[in-house]
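Notes to accompany the following structure.
A short reminder: the numbers here are calculations on the coordinates, not readings from a lab. Source: prediction; values computed, not measured. Positions of Cβ are generated from backbone atoms using ideal geometry, with glycine treated the same way; all protein chains shown enter the neighbour counts.
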Amino acid sequence: MTKIIFFFVFISALAPAGNASAQSLESILETHFKIVGQENLLSVQSIVTKGILRQGGLEIELSSYIKRPNRYRLEGRYQGLTFVEVFDGNIGWSFNQMRGDTEPSLLKEEELELLRAQADIDGLLFNYRSKGFEIEMLEPESVGNVLTDVLSLSNSKGLKIIYYLDSETSVILKGKTLANIAGIERIYESIYGDYRYVKKILFPFSVDVYIDGELLMEIEYTSIELDTEIEDYRFATPQSLKENVDSY
């Protein structure tokens, strides 16, 4: 989700303002965790989603599998072709027949960081410091006609995620990720909607994804299942890739 930076340089000179910001941040996060059912989410061991990804006139069957601790698999299928992205908690790899791949390949570090975030069931905002993130409150912005509180998360590896939370409900309406992919700075934006509760935990059932301001894909989830048994083989790294990894 998001990384946030505290600017400690001004704390000693502006202690009252710094404390006020911290209290405001704490209040926003507390409300957010309450509305999404964070306490219930902490006991969830796995999440399985099914849905449809629409892109360029195509409709691709989409499935994702998340399992503690920090394992993630994304699958897509279209007319007999498959793409897969997997993170086993240490190694990340992909295989995409839609782009002509014939063998799986390891993900680069910047791509791996994005999968690491996806594998976090609790979300990056929860216990963000223990995950190596810092947080900063930015100026409020509007998403559509809704005023939002803006929280920016960042880590030492260069990952930066900005969350836009409805100022009244603290539900995340938008996420913006700034990442360097293959040497190119990219801005990924996700617009979340159609929120529904599943076993007292709030999930968005629609996501529109933009890259550098252009609509890339629309995702509609048809089901979200919690604590479904997921076989460990789904997260396994091919032996051929393991042999190429000295350390990850």
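Can you tell me the length gained on complete extension of the stretch Ser206 to Arg68, counting 0.36 nm per residue apart and subtracting the Cα distance? Display every interim value, and only then the final one.
Details: separation 138, 0.36 × 138 = 49.68 nm, distance 2.38 nm.
Gain in length upon complete extension: 47.3 nm.
First check a/c for region 177-248, with a ≥ b ≥ c the square roots of the eigenvalues of its C-alpha gyration tensor; if it is under 1.5, answer rounded, and if not, answer prolate when a/b is larger than b/c or oblate otherwise.
On the way: a/c = 2.98, a/b = 1.15, b/c = 2.59.
Taking the square roots of the gyration eigenvalues as a ≥ b ≥ c, region 177-248 is oblate.
Calculate the spin-label point distance for Asp227 paired with Asn96, positioning each point 7 Å from the Cα along the beta-carbon direction, and give it in nanometres.
3.6 nm
When only C-alpha pairs under 8 Å and at least 6 residues apart count, what is the relative contact order of the chain, in percent?
On the way: 513 pairs, mean separation 58.8, N = 248.
Across the chain, relative contact order equals 24 percent.
FRET efficiency for Leu147 and Ile187, Cβ-Cβ distance as r, R0 = 30 Å, nearest 0.05? Intermediate results must be reported in sequence, preceding the final value.
Numbers: r = 22 Å, r/R0 = 0.72.
Here the calculated transfer efficiency is 0.90.
Here are several values of Kirkwood radius over Cα pairs in Å: (i) 20.3; (ii) 19.3; (iii) 18.5. Which one was derived from the coordinates shown?
(ii)
Does anyone have the angle between helix 15-36 and the longest principal axis of the chain? Alpha-carbon axes, 0 to 90°, nearest 10?
Value to nearest ten degrees: 40.
Given a Förster distance of 51 angstrom, what is the FRET efficiency for Leu81 paired with Glu30, based on the Cβ-Cβ distance and rounded to 0.05?
Details: r = 45 Å, r/R0 = 0.88.
Given R0 = 51 Å and the Cβ-Cβ separation, E is 0.70.
Would you pull out the residues with amide H under 5 Å of Met217's amide H, same chain only if 5 or more places away, H placed 1.01 Å from N?
Amide H neighbours of Met217, under 5 Å, 5+ apart: Val209.
Can you tell me the length gained on complete extension of the stretch Glu214 to Lys242, counting 0.36 nm per residue apart and subtracting the Cα distance?
Values: separation 28, 0.36 × 28 = 10.08 nm, distance 3.61 nm.
Difference between extended and current length: 6.5 nm.
For Thr82, Thr228, Thr177, Thr49, what ranking results if the residue with the fewest other Cβ atoms within 10 Å of its Cβ goes first? If you can, show how the numbers build up before the last one.
Values: Thr82 15, Thr228 11, Thr177 21, Thr49 18.
So the residues, fewest neighbours to most, are Thr228, Thr82, Thr49, Thr177.
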